[in-house]
Each structure stands twice: as structure tokens, then as C-alpha cells.
Amino acid sequence: MGLSFEEKLRTYAKIIVSHGLNIQKGQDLYVYGEIVHRNLAMTVAEEAYKKGARYVGVSLSDPRLERIRILHSSAEYLDFSPGYTEAMVKEMVDSNCAKLSIDGMEDPEIFTGLDPKTISSIRQARHKKWKY
């Protein structure tokens, strides 16, 4: 009998923390993913703390909220990204924070039928704040 899903998830998280991110004692970690990635994100956080991480921040997004924004926000606001995002990124860079982005959409069709330029505009505004 093989490993359970939870055991495989824990093993994967240990590999990510120890070898992929090489978390050091006292280092911070920021984990970003979608809500569907919650179990992996929490397991990575636990393993990072076991390795001595000082702080682990986890941010889970929901693409449905981005879709709602695209459909119902004024066009003039779609390229807005709050300044506190830039401040957070600056602090992460200054403190040598490790970052893990978990990719893979739960619903790859969520943006079907929406204007690709609008989707790109929102993402570009967000990514501008992440450049340091």
C-alpha cells in the first residue's frame, strides 16, 4: 500500500521548503496561491516553521473575485493596484524573504468570454508593484 495523499503532500511540502526554497532559520516566507491550494500552502507554512522560519505569510486569492472586478468595475479603475502592495514587496526584498507562488487554476475557463486586454491590464498593474 502506498502513501496517503496527506503523506505525499507533506513530503512535497518538505521538499519545497528544504530544497526548493532552502528556508533558513530566521527567514520569512510569503506563499501565494488560489483558495484551491490551501492545503499545500498550509503544509508548506508548517514545514517552514519547523525549519526555523521567523514568519510565514499566506495569501490565497479567488479568481472569481478578479472576474467580478472585470465585469463590474469602472474601466478607469482596472489598472489600479494599491500602494500597500508595493510597500509589502519592498519589505519582503529588504528582509530577504523567500516567496513561493503556487500556480494552477481550479477553473481554467473562468476568464472565457472576457476581454484579454482587460485581464492583461489588471495583471500588469499588479505585477508593476512586485518589481524590485
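Numbers for the structure displayed
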item: Phe111, sole failed condition from (1) over 26 Å from Ala45 (Cα atoms); (2) open to solvent by less than 80 Å² (accessible area, probe 1.4 Å); (3) outside any loop (DSSP other than H, G, I, E, B); (4) not hydroxyl-bearing (Ser, Thr, Tyr); result: (3)
item: Extreme residue, nearest to the chain's Cα centre (by Cα), among residues of the range 91-108 that are assigned to a loop (DSSP other than H, G, I, E, B) and under 12 Å from His37 (Cα atoms); result: Ile102
item: Failed condition for Lys25, given (1) open to solvent by less than 40 Å² (accessible area, probe 1.4 Å); (2) under 17 Å from Cys97 (Cβ atoms); result: (1)
item: Residues located in the range 5-17, provided they are open to solvent by less than 80 Å² (accessible area, probe 1.4 Å), of a type outside the set (D, E, K, R) and more than 12 Å from Ala98 (Cβ to Cβ); result: Leu9, Thr11, Ala13
item: Flag if Asp28 is at pLDDT 95 or above, charged (D, E, K, R) and over 15 Å from Arg126 (Cβ atoms); result: yes
item: Residue match in the range 85-94 (condition: touching a residue at least 60 places away in the same chain (Cβ under 8 Å) and within 30 Å of Lys25 (Cα to Cα)); result: yes
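Residue-by-condition table, conditions (1) at pLDDT 90 or above; (2) of a type in the set (Val, Ile, Thr); (3) out of contact with any His (no Cβ under 9 Å at 6 or more places or on another chain):
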residue	(1), (2), (3)
Val44	yes, yes, yes
Tyr49	yes, no, yes
His72	yes, no, yes
Val89	no, yes, yes
Leu100	yes, no, yes
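The values are calculated or read from the model by the stated rules, or taken from the named source; none is laboratory data. These figures come from a predicted structure and were not determined experimentally. Glycine also receives a Cβ, built like all others from the backbone with ideal geometry; neighbour counts cover every protein chain displayed. Only protein heavy atoms, including side chains, enter the accessible area calculation; ligands, DNA and RNA are left aside. Shrake-Rupley method; radii C 1.70, N 1.55, O 1.52, S 1.80 Å.
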